[in-house]
Amino acid sequence: MSEYVKVVIGEKTYELPVIVGTEGEKAIDISRLRRDTGYITYDPGYANTGSCKSNITFMNGEKGILRYRGIPIEELAEKSSFREVVYLLINGELPTQRQINRFSVLLNDHSLVHEDMRTFFENYPKRTHPMGILSSMANTLKSFYPYLENQEEEINITVTRLISKVRTMAAMSYKMSRGHQVVYPRPDLSYCANFLNMMFHTPVKPYEIDPDVVKAISVFWILHADHEQNASAAVVRSVGSAKTNLYACISAGISTLWGPLHGGANQAVINTLSDIVNQGTSMKKVIERAKDKKDPFRLPGFGHRVYKTYDPRAKIMKRMCDTLLEKFNITDPLLDAAKELEEIALEDEYFISHNLYPNVDFYSGIALRAIGIPTNMFTVMFAIGRLPGWIAQWRENFYDAESKICRPRQIYMGEQKREYIPIDKREKKGGDLQPLFTEFQTDKYPDISFQE
Ligand code: CMC
């Protein structure tokens, strides 16, 4: 017999159906609640709200499980390539040899960026954050490739274009920010190797492709490829729910990811570790600030809405840091500081009682530093990795017969109806405008890298 939940309002009892997911997770279906009862639910940050049914990614935050299309993240990181994971997330199944060959050809065919777009890159002010450039450029693609008529074939081409060009644009913005000659994609290189070559090749010092570094970038992107209904994926779905074009949805996703509570945390972690190592800030002070409710500072790279145990991605990332540093024979004081800070936090009563563990961003910056990626490109690296997830989420929403325009309700707590007062009769009631955003400066140390 189907399960129901009873809601009693005054004299009346309403039965709400229960939906059960394939992994046994349960949800109360409130989709007819307002219509039947006149009530809505209150759930800030949608922490208890299932906004869709999805077949893409499964997470169990208590057990630290993450699977894409049913396949554990640990297995994908070990055995798969990023290109294959892109295919898996967007199309639902791992590709056959013929399918992956075809996908590679398409990625190569669409890897170039229209030369006219260079004008935009060239005219950004020097210290513009690359996430701002990437978000604008993703939206600008719509002007250069405008024809998207919701036909399956055109959607496939747009998807391939985005996957290939966003990577090219990211490397291009880095090269231009350094005043270096742009390196074009090479058809003989894989997706990840191509990116490294576009980033680091120069006419005076040809870039030598190192399979271990290519594998590290591939794993880095696989770990970031999707994370079910996180803030940016929810935004991509939300913008898409208005039937807005895919480029604009991705641009909105990139902007959301930029925030230090989301993907911007990888840069914020490095800022915090640099404060400790280079400015002499004590770890104790950092931990105390993170626990202080009057201080908006939180320990970046710690905590997660879903994970209440160690993030499975962070485990893999931590191992990757050790492997990369050993390979390059680098001693990174930031890695030592990170490990010590983690140890202190994991023994602290506040962190224990709040189930706060390292998330993927805690160690990812150290891995990227070892490869030579500058700090202000960290969140861009996250964005390239998350792109297939956003596209898969957008696509699922697009074809979902139950999907509706995202339009939450609210509980109005403002003034009741009142009269308009002419300006000469008004008395000052509220305060003056307050300055915003003084705390979170993710681009504090924009260029910390070993290979600068
Ligand atoms: N440092 C100190 N306290 C924390 C932290 C932290 N990093 N994270 C959560 N808390 C506390 C929070 O103050 C709250 O305490 P209390 O219940 O006493 O008021 C409690 O833990 C629960 O936190 P929450 O704010 O209800 O949790 P949330 O699900 O709304 O926020 C989060 C999740 C990731 C935004 C938050 O943990 C955080 O700000 N972490 C630091 C930023 C970060 O690392 N972000 C990357 C997330 S993983 C990559 C990604 O998906 O983008």
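Quick notes on this one:
- In region 34-57, the residues that are closer than 23 Å to TRP394 by Cβ form Cβ pairs under 6 Å with partners that are loosely packed, with under 12 Cβ neighbours inside 10 Å and of a type outside the set (A, V, I, L, M, F, W, C), at six or more places apart or across chains, as follows: THR49/ASP43.
- Region 21-52, subset among the β-branched types (Val, Ile, Thr), more than 16 Å from the ligand (Cβ to nearest atom) and under 20 Å from SER403 (Cα atoms), residue nearest to the chain's Cα centre (by Cα): THR22
- Restricting LYS293, LYS318 to those that are over 23 Å from the mean Cα position of the chain (by Cα) and of a type in the set (Lys, Arg) reduces the list to LYS293.
- The single condition from (1) under 21 Å from THR375 (Cβ atoms); (2) modelled with pLDDT under 95 that SER135 fails is (2).
- Figure legend. Inter-residue proximity from region 342-366: first residues open to solvent by 30 Å² or more (accessible area, probe 1.4 Å), second residues within 8 Å of the ligand (Cβ to nearest atom) and in a helix (DSSP H, G or I), beta-carbon distance below 7 Å, spacing 6+ or different chains. Indicated pairs: TYR350/LYS291.
- Qualifying positions in region 350-374 - within 12 Å of the ligand (Cβ to nearest atom) and more than 18 Å from the chain's Cα centre (by Cα): TYR350, PHE351, ILE352, SER353, HIS354, ASN355, LEU356, TYR357
- All conditions but one from (1) open to solvent by 30 Å² or more (accessible area, probe 1.4 Å); (2) over 27 Å from MET117 (Cβ atoms); (3) charged (D, E, K, R) apply to ARG178; the one that does not is (2).
- Summed over region 99-124, residues that are open to solvent by 30 Å² or more (accessible area, probe 1.4 Å) and in a helix (DSSP H, G or I) total 13.
The rows are residues; the columns are (1) more than 9 Å from the ligand (Cβ to nearest atom); (2) within 26 Å of HIS224 (Cβ to Cβ).
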| residue | (1), (2) |
| --- | --- |
| LYS285 | yes, no |
| LYS294 | yes, no |
| ARG313 | no, yes |
| ASP336 | yes, yes |
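- Sub-7 Å Cβ pairs linking a first residue in region 251-270 that is under 17 Å from ARG237 (Cα atoms) and within 8 Å of the ligand (Cβ to nearest atom) to a second residue that is outside any loop (DSSP other than H, G, I, E, B) and of a type in the set (Lys, Arg), at least 6 apart or interchain, are LEU257/ARG386, ordered by first then second residue.
The values are calculated or read from the model by the stated rules, or taken from the named source; none is laboratory data. What you see is a predicted model; the values in this text were computed from it and never measured. Note that we place each Cβ from the backbone using ideal geometry, even for glycine, and neighbour counts take in every protein chain shown. Keep in mind that these areas ignore ligands, DNA and RNA; they rest on the heavy atoms of the full protein, side chains included. Shrake-Rupley method; radii C 1.70, N 1.55, O 1.52, S 1.80 Å.
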